[in-house]
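Shown next, in structure tokens, is the structure this report addresses.
Coordinate-derived values only; no laboratory data. Everything numeric in this text was worked out from a predicted model, so none of it was measured. All Cβ positions, even for glycine, are placed from backbone atoms using ideal geometry, and neighbour counts span all protein chains on display.
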Amino acid sequence: MNFMLDAISWFLLASGCFLCITGGLGLFRFPDFFTRMHAASITDSLGSGLIIVGLAFQTPGDWLVVAKLGFILVFIFFTSPTASHALAKAALHAGQKPWQKQT
Amino acid sequence: MRHILFLTAGLAFLWLANSGHYSGLILSLGALSIAFVVFVTIKMKVVDAESQPVRISYRIPLYWLWLSKQIILSNISVVKKIWFSPSSIDPAVARIKTSQTSDLGRVIYANSITLTPGTVTLDVTEDEVEVHVLCRESLSLLQNGVMDQQVKRLES
């Protein structure tokens, strides 16, 4: 049972780390501010989400810690899109033109 | 009254889940602070259907499940683009009709769009949202209005 929990936990933590790295790589590979933002939102959404759920599996029976991790998850999911939206809107108002594919 | 009860219950849950110390003194201090916060919010007149959406709170877990599925699916597609074909992206900006009637619905809808990778909300108006998408295909998915309908169902 404990081994199963550990295996699930490490699987989630490893995939979360992979997604965070992917988000970072996307920042380098994509051409402009708005497309890079899409890459960053991978780290925001599933990257942090998987890491937090993976951490929750590390605390068998300690419901207080699980509850706190749950709060962190909910707050990230509420605040990160708001922050992204504010950034995108500010960039647009500052005159950033979204990059278009040349045809 | 219903909203005040809902707020009190929410605060009590938050306090109990965060504290971990359940002696008489600490519990009564917690009750005091909750009472004070409720008192202040009533004085500020911010306890209403918008800040305490009782009806939505019952239905939001199901919506979160549905949204998680969308997030996972769009994550996979963006991850594939980053690793294998960064040059295949085709960004576009478009205005999309929304059927949301309340401010809360618009906020949930816009935030859900931003939360799924590959789509970001740039602007929200009365009946439209302006979105930036990484790929034109995801635009047609949004125009189908599936997510719009899901958010709409939250409030019905």
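Below is a table of values for the structure above.
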| quantity | calculated |
| --- | --- |
| Centroid-to-centroid separation of the stretch B:90-137 and the stretch A:1-21 [C-alpha atoms, Å] | 32 Å |
| Mean ellipticity per residue at 222 nm, deg cm²/dmol - from DSSP H runs of n ≥ 4 across the protein assembly as shown, formula -39500 (n - 2.57) | -23500 deg cm²/dmol |
| Peptide-level mean, for B:68-80, of C-beta atoms on other protein chains within 10 Å | 4 |
| Cα gyration tensor, the protein assembly as shown - rounded (a/c under 1.5), prolate or oblate | oblate |
| Links that overshoot a 25 Å alpha carbon limit, given the list B:Lys81/B:Lys152; A:Lys89/B:Lys69; A:Lys89/B:Lys97; B:Lys69/B:Lys97 | B:Lys81/B:Lys152; A:Lys89/B:Lys69 |
| Gaussian network model of chain A, springs between alpha carbon atoms under 10 Å - residue of A:His93, A:His85, A:His38 with greatest fluctuation | A:His93 |
| For B:Leu122, residues with placed amide H under 5 Å, excluding near neighbours | B:Glu130, B:Val131, B:His132 |
| Shape category assigned to the stretch B:59-155 from the gyration tensor of Cα positions, a/c cut at 1.5 | oblate |
| Neighbour-count ranking [beta-carbon atoms within 10 angstrom, fewest first] of A:Ser45, A:Ser84, A:Ser15, B:Ser140 | B:Ser140, A:Ser15, A:Ser84, A:Ser45 |
| Phi-based couplings in Hz for the stretch A:85-100 (Karplus 6.51, -1.76, 1.60; Gly and Pro marked x) | 4, 4, 4, 4, 5, 4, 4, 5, 5, 7, x, 5, 9, x, 5, 10 |
| Using θ = phi - 60° and Karplus 6.51 cos²θ - 1.76 cosθ + 1.60, couplings along the stretch B:142-149 (whole Hz; Gly, Pro as x) | 5, 5, 4, x, 5, 5, 4, 5 |
| Net charge, B:His3 excluded, C-beta distance under 15 Å - Lys, Arg +1, Asp, Glu -1 | +2 |
| Karplus (6.51, -1.76, 1.60) ³J(HN,Hα), θ = phi - 60°, over the stretch A:33-41, in Hz, Gly and Pro reported as x | 3, 5, 5, 5, 4, 4, 5, 5, 6 |
| Helix A:2-29 vs. chain A, principal-axis angle (Cα, 0 to 90°, nearest 10) | 10 degrees |
| Contour excess over end-to-end distance, with Cα ends at A:Asp62 and A:Ala7 and 0.36 nm allotted per residue | 18.0 nm |
| Amide H contacts under 5 Å for B:Gln52, placed H, 5+ residues apart | none |
| Given charges at beta-carbon only (K, R positive; D, E negative), |dipole| of chain B in Debye | 420 debye |
